[in-house]
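Report on one structure; see the data block that follows.
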Amino acid sequence: MSDADWSALSNTAIAVAGGLYFLALVAHLVEWSALAGRRQHETATTEAAEGGGVAVATGPADDLGSGSDREERVARFARIGLAVTVLALVAHLVALVARGLAADPNRVPWGNMYEFTMAGTFVVAAGYVGLYRRFRLAWMAPLVVGLVVTLLMVAVIWLYNPVGPLSDSLNSPWLVIHVVSAVLATGAFTLGGILSATYLVKMRRPVGPIMSRVPELAALDRTAYRIHAFAFPVWTFAVLITGPIWAHQAWSSYWNWDPKEVWAFITWVVYAAYLHARSTAGWKGRNAALLALVGMATLWFNFIGINYFSTTSQHSYADAAAVVERP
Amino acid sequence: MTQTPDARTERTDRRAGELTPRELLRWAWRQLTSMRTALILLLLLALAAVPGSVIPQENLDSLETSRWREAHPTLAPIYDRLGLFDVYGSVWFAAVYILLMVSLIGCILPRTWVYLRAIRAEPPRAPRNLERLPDHASYDTDLGGEAVLTRARAVLRERGYRVRAAADGDDAVSAERGYLREVGNLLFHLSVVVVLVGFAMGGLFGYKGGMIVVVGTPVANTPNSYDDLVPGTLFQAEDMDPFVFTVDDFDVEWIEDGPGIGTSRGFASHLTYRERDGEEKEYRLRVNHPLKVGSTELFLIGHGYAPVITVRDGEGNIAYSGPTIFLPQGPDLLSFGVVKAPDARPEQIGLDGLFFPTFVMTPDGDLTNVPGRPRNPLLSMSVYRGDLDMDAADSTSQSVYVLDTSKATKVEGEDGKDLRLDLSPGETAELPDGLGSVTFERVVDWNRIQISQTPGKRIALAGVVLALVGLLGSLFIRPRRVWVRAVAGGGGTLVTVAALDRTGGGDVTTVIEELVEALAEEEKT
Ligand code: HEM
């Protein structure tokens, strides 16, 4: 296959992946609406039983059918959603690999914003599927899949770039190790952020048909912590070890206070504050979750926003014009 | 343990009104070293770092900074006073991180003593009611109590727990693991200080500078060879490593077709260099492959074109001659440059204009440049005569890249329009009114070389690596206590297993399940 074929394959695969994620999202939405129906149904039954003193065996008739039918429906659509997500993940992987093979010389598929976003969303989706059982993440499905679809759309519409060779300063073994860790941490922080956001929502509205499916606050907090605790050292490795080593090789100084570096540092400090908050009386729970969200905001701002905000960044992948250093 | 500082501050809080100065000092110290203060200082540090990423920084991009200053004449002096053009060197930024470090040391050192005592202590006795712990499980067995406890000790030891020494009359086993978590935490925090020390050494004793080097011209590593030099506060010019170097040859690997056409795949300089009394050595300098000479490192970070221009004045003397550095305006290397010939007679001559590496004329008669390998170089310049203002006392505008035309006049051609010289290599243009002539001899390359000394970088690196190791220990070693109690009753023995995660972050139900399973398995064998 020629480079152009690979590139076309990558574009097709990412479109397929996007479509499949969207189908998965639809499946999960059906699942959740059925779920909401079930809860209403149950509530109605109990209310009737309590109010009238008469045991009512069936709830008000609706087109969703009886309770057990509905149960089945919820489970079926949950399974479909997960299965389609796994398929989407495969297409997503194909898109990444083909993208790397489309470049001449072949390279890792994260040389510009489009590719970073593609790789980052892959980590989020793969992390979710991988941890699905262990952390019982079924309830997260629509959130994760929805986020991935949205980000992929942003990537395809606004960030798309034809495959090109790497700019010279990116052409280094550190690209692999630094960016893999940064993307991995970004994906994990994002998953953690979803958990923390859910924690905050559940704190305000602890009951309701949807919320009853979401784990208890303590469990949410614990899972969020464990994901953040994984992401933090990886981020440390990415931005405070491999980043500076590479910066030293490419630009002569391992820490430049370049806007990208500044924001990576800010993200690091905010997450350090999050970890502290979790073990400080009065900051546990709500404030810690808020800090986790602030951390995620700084992370994504750095990833996308800073490229549009600042003209001085040496991190040239976002902008070909920066390849030539202004003397 | 983490709660203690808070508990203490709360108690002293209430008595704050009746403190002696000494107590007040101690109270302030406790406040400073509390977790809550650390947390707030961390957030302050994050906040304090923000302005430097949106306001141009003097040391990072002085050009952008001066442009910003010009555009905001009222704000600029205020920003200057607040140190906003040098955020990371400002007093208030330093205040935040120094307070944080003091707080850190004040917090971590006392914990070291607590920890040293704890590490030798035995696991504490079992609480009377294991059932009161949130996580516990029980089962019945036919084995005797002593036998159960002996097995429990073996099982727990096997799993890396420290087990409390057996004593007469014990009905329970106490065990604990994860002592290294605290070590990790201490290591992490102390390493943060190490990183800061390494970083500070670089800032104080190192320097960073850049120069534009024309291919073929030897350069000595002395302060006046630099175009820009940012020395550390305590850096002295004598600390510069003495060496000379020459970029003998420079090549760019252009992409001639396919995606990325017109850009370069990479570039490299062939460099020869010699230390004071050493012999001459060679190096192929590329991006990402710096050259190290003594404790100095050289980096290739950019390149451009230097047309070789000769200006003869009206009297036929050479008033200017040599490679002239033109600055790229964009990735296609269309470049801008100026020539100043103040010694030209009868009048001073100045030129400014563009260099096109590959020039084409559009159908409308405009000049444009095609990116990529230089195929059709063209120099296109305007000419000025008169006073170039080179003796002005305020020489700020006298950068070699800027022509001061405020007192000069633009030379006109025969048609009465502004004169534009369009020259290919080897061509000469006569100037009107017997002013002289301009020759474009040829083009040479220039390299932008960044040179720096960064003492302490190894210390900083060792610091972050240690910090990471400590962090992993601190985050992933789960300290927990386990108790197994065996009580005779109902014809058998009732065994209760309980566990406590000391960080409050872990889920110990699986730990208990596994232990119960292991104990039961031992029984079968
Ligand atoms: C540069 C400043 C600091 C950074 C980056 C930092 C970072 C961290 C991180 C990432 C953790 C997480 C480890 C864990 O969850 O077990 C942690 C824990 C901790 N930090 Fe800091 N810290 C800093 C300053 C301080 C200061 C000033 C104090 C003293 C008040 C402090 C006290 C603690 C304590 C007691 C823990 C353990 C919490 C626990 O056991 O869960 N830290 N720190």
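The values are calculated or read from the model by the stated rules, or taken from the named source; none is laboratory data. This structure is a prediction, so every number in the text was calculated from the model and none was measured. Cβ atoms come from the backbone with ideal geometry, glycine included; neighbour counts cover every protein chain shown. Only protein heavy atoms, including side chains, enter the accessible area calculation; ligands, DNA and RNA are left aside. Shrake-Rupley method; radii C 1.70, N 1.55, O 1.52, S 1.80 Å.
Any idea of B:Asp227's accessible area? Nearest 10 Å², probe 1.4 Å.
Result for B:Asp227: roughly 90 Å² accessible.
Protein chains only, probe 1.4 Å: how do B:His136, A:His178 rank by accessible area, largest first?
So the residues, ranked largest to smallest area, are B:His136, A:His178.
If each residue of separation counts as 0.36 nm, what is the full-extension length gain between B:Val91 and B:Ala71 once their alpha-carbon separation is subtracted?
Result: 4.6 nm gained on full extension.
In debye, nearest 20, what is the charge dipole magnitude of chain B about its Cα centre with +1 on Lys and Arg Cβ and -1 on Asp and Glu Cβ, if you could check?
Values: 53 positive and 71 negative charges, 739 e Å.
Magnitude of the dipole: close to 3540 debye.
Run the numbers on chain B and let me know its relative contact order in percent, using alpha-carbon pairs under 8 Å that are six or more apart.
Once divided by the residue count of chain B, the mean separation gives 18 percent.
Mind checking Rg over Rh on region B:264-416, alpha carbons, Kirkwood formula for Rh?
Ratio of gyration radius to Kirkwood radius for region B:264-416: 1.06.
Using only protein heavy atoms and a 1.4 Å probe, report how much of A:Phe303 is accessible, in Å² to the nearest 10.
Around 40 Å² of this residue is reachable by solvent.
Sort B:Glu23, B:Glu176, B:Glu282, B:Glu182 from largest to smallest accessible area, using a 1.4 Å probe on the heavy atoms of the protein chains.
B:Glu282, B:Glu23, B:Glu182, B:Glu176
What span do the alpha-carbon atoms of region B:22-64 cover on each of the three principal axes, reported in whole Å from largest to smallest?
Principal-axis extents of region B:22-64 (Cα, largest first): 52, 19, 10 Å.
Near B:Lys208, which aspartates and glutamates are there with a Cα under 17 Å away, not counting those fewer than 8 places off in the same chain?
By straight Cα distance, B:Lys208 reaches A:Asp258, A:Glu325, B:Glu58, B:Asp61, B:Asp86, B:Asp227, B:Asp228, B:Glu238, B:Asp239, B:Asp241, B:Glu297.
Counting only C-alpha contacts under 8 Å and six or more residues apart, can you give the relative contact order of region A:180-237 as a whole percent?
Working: 43 pairs, mean separation 34.6, N = 58.
About 60 percent, as a whole number.
Would you mind counting up the charge near B:Leu84? Only other residues with Cβ under 12 Å from its Cβ, with Lys and Arg at +1 and Asp and Glu at -1.
That sum, taken over residues with Cβ under 12 Å, equals -1.
Show B:Val197, A:Val148 ordered by accessible area, largest first, where the area counts protein heavy atoms only and the probe is 1.4 Å.
So the residues, ranked largest to smallest area, are B:Val197, A:Val148.
Which of the GluC sites (Glu not before Pro) found in region B:418-516 are loop residues per DSSP with 16 or fewer other Cβ atoms within 10 Å of their Cβ?
Passing both the DSSP loop test and the Cβ count: B:Glu427.
Around B:Thr358, what is the net charge, scoring Lys/Arg as +1 and Asp/Glu as -1 over all other residues with Cβ under 14 Å from its Cβ?
Charge balance near B:Thr358 sits at 0.
Amide H neighbours of B:Phe243 under 5 Å, at least 5 residues apart or on other chains, H built in the peptide plane: list them.
Residues meeting the amide H criterion: B:Asn221.
Quick one: of B:Lys281/B:Lys457; B:Lys340/B:Lys407; B:Lys292/B:Lys457, which pairs are farther than 19 Å apart, Cα to Cα?
Those over the limit are B:Lys281/B:Lys457.
Rule-of-thumb check for chain B: C-alpha Rg over 2.2 N^0.38 Å?
1.55
Give me the tail of P(r) for region A:101-227 as a percent: Cα-Cα pairs with distance above 25 Å.
The share of Cα pairs beyond 25 Å in region A:101-227 comes to 36 percent.
At a probe size of 1.4 Å, how large is the accessible area of B:Leu334, to the nearest 10 Å²?
Result for B:Leu334: roughly 40 Å² accessible.
May I ask you to list the trypsin sites (Lys or Arg not before Pro) in region B:74-148 that are in a DSSP loop and have at most 15 other Cβ atoms within 10 Å of their Cβ?
B:Arg125, B:Arg128
Shielding of B:52-65 by partners, i.e. mean partner chain Cβ atoms within 10 Å per residue?
Mean shielding by partner chains, rounded to a whole number: 4.
Distances longer than 44 Å among the Cα atoms of the protein assembly as shown: what percent of all pairs is that?
Summing the P(r) tail past 44 Å for the protein assembly as shown gives 46 percent.
For region B:172-214, what size does the Cα cloud have along each of its three principal axes, sorted from largest down, in whole Å?
81, 21, 7
Within straight cross-link reach of A:Lys202, meaning Cα distance under 18 Å, which lysines are found once same-chain residues fewer than 8 apart are removed?
Once the sequence-local lysines are set aside, what remains near A:Lys202 is A:Lys284.
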